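The values are calculated or read from the model by the stated rules, or taken from the named source; none is laboratory data. Values in this document were obtained by computation on a predicted structure and should not be read as measured data. Neighbour counts are summed over all protein chains in view; Cβ atoms, including those assigned to glycine, are modelled from backbone coordinates with ideal geometry. Note: accessible area is taken over every heavy atom of the protein model, side chains too, but ligands, DNA and RNA are not part of it. Shrake-Rupley method; radii C 1.70, N 1.55, O 1.52, S 1.80 Å.
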Amino acid sequence: MAMSVPILAIVISLHLIAFVLAVGAERRRSSAKVEPDQYDERTYCVYTTDASTVYGLSAFGLLLLSQIVLNGVTRCLCFGKGLLTGTSSTTCAIVFFVFSWITFLGAEACLLAGSARNAYHTKYRGIFGGEELSCATLRKGVFAAGAALTLLSLLGSIFYYWAHSRADTGGWEKHQNEGLGMTSSSYAQQPPEFGKA
């Protein structure tokens, strides 16, 4: 099976859009500040926009879609007709398959955890002069780690698809000692018999 340019373009574009969204999510992380309540002596947390939650979940979905497309085309390395045995392309396909899955799962975990944590807003209030109010926010770098793992997943996916296409037999297997025998025949030649007159 040869590499399909449209499939490669879809996988690359979905990964790159997910990367851009993950970087946008890192830049638009929700922040909070403690504000005094104008009616009593309590304070509360005021949060900024939740845009990074939407960006993170969108990147999560696009990365998942890219992985589904790639593994659907290659039949997840396990369910295809078979790869050439004993070649370096098959070994590379297996190595990059494992690498792409590890980086994919790491990126998805960062994006999902970051989105969930960014959406969490502290609901309680503190009393002036009492305990310091802690406004829960997402730690810096979670979405950035997801973006970096998205790029590594892209590289792993491209190399996996390339190695898989080189090692894929497409269901055809080369048999040894196959060819036309021009010098010998499997039929015994009988001398012609002439009838007596």
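Distance between the 7 Å Cα→Cβ label points at Thr85 and Ala119: 4.9 nm.
Normalised radius of gyration (Cα atoms, divided by 2.2 N^0.38 Å) for the range 16-58: 1.62.
Per the Debye formula on identical point scatterers at the alpha carbon atoms of the range 5-168, with no solvent, log10 I(q)/I(0) at q = 0.13, 0.20, 0.21 Å⁻¹ is -0.66, -1.10, -1.16. Within the accessible area of the range 49-98, the carbon and sulfur atoms contribute 72%, probe 1.4 Å, all protein chains present. Per residue, the range 45-101 exposes 52 Å² of accessible surface when a 1.4 Å probe is rolled over the protein heavy atoms with every protein chain present.
Taking the Cα centre of the range 5-168 as origin and assigning +1 to Lys and Arg Cβ atoms and -1 to Asp and Glu Cβ atoms, the resulting dipole is close to 460 debye.
Sorting check: for 9-20, 33-44, 52-63, 148-159, which peptide has the highest mean count of neighbouring beta carbons within 10 Å, and how do the rest follow? Present the calculation step by step, with values, prior to reporting the outcome.
Numbers: 9-20: 18.5, 33-44: 11.7, 52-63: 23.1, 148-159: 21.2.
Highest to lowest by the protection proxy: 52-63, 148-159, 9-20, 33-44.
Annotation for Ala2 and Trp162: the two label points, set 7 Å from Cα along the Cα-Cβ direction, are 1.8 nm apart.
Computed over the range 1-75, the range of Cα coordinates on each principal axis works out to 71, 19, 10 Å, biggest value leading. At a Förster distance of 35 Å, what's the computed FRET efficiency of Lys33 paired with Val69, Cβ-Cβ distance as r, to 0.05? It comes out at approximately 0.25. For the range 5-168, the residue among Ala9, Ser30, Gln67 whose Cα projects farthest onto the positive side of the dipole built from Cβ charges is Ala9.
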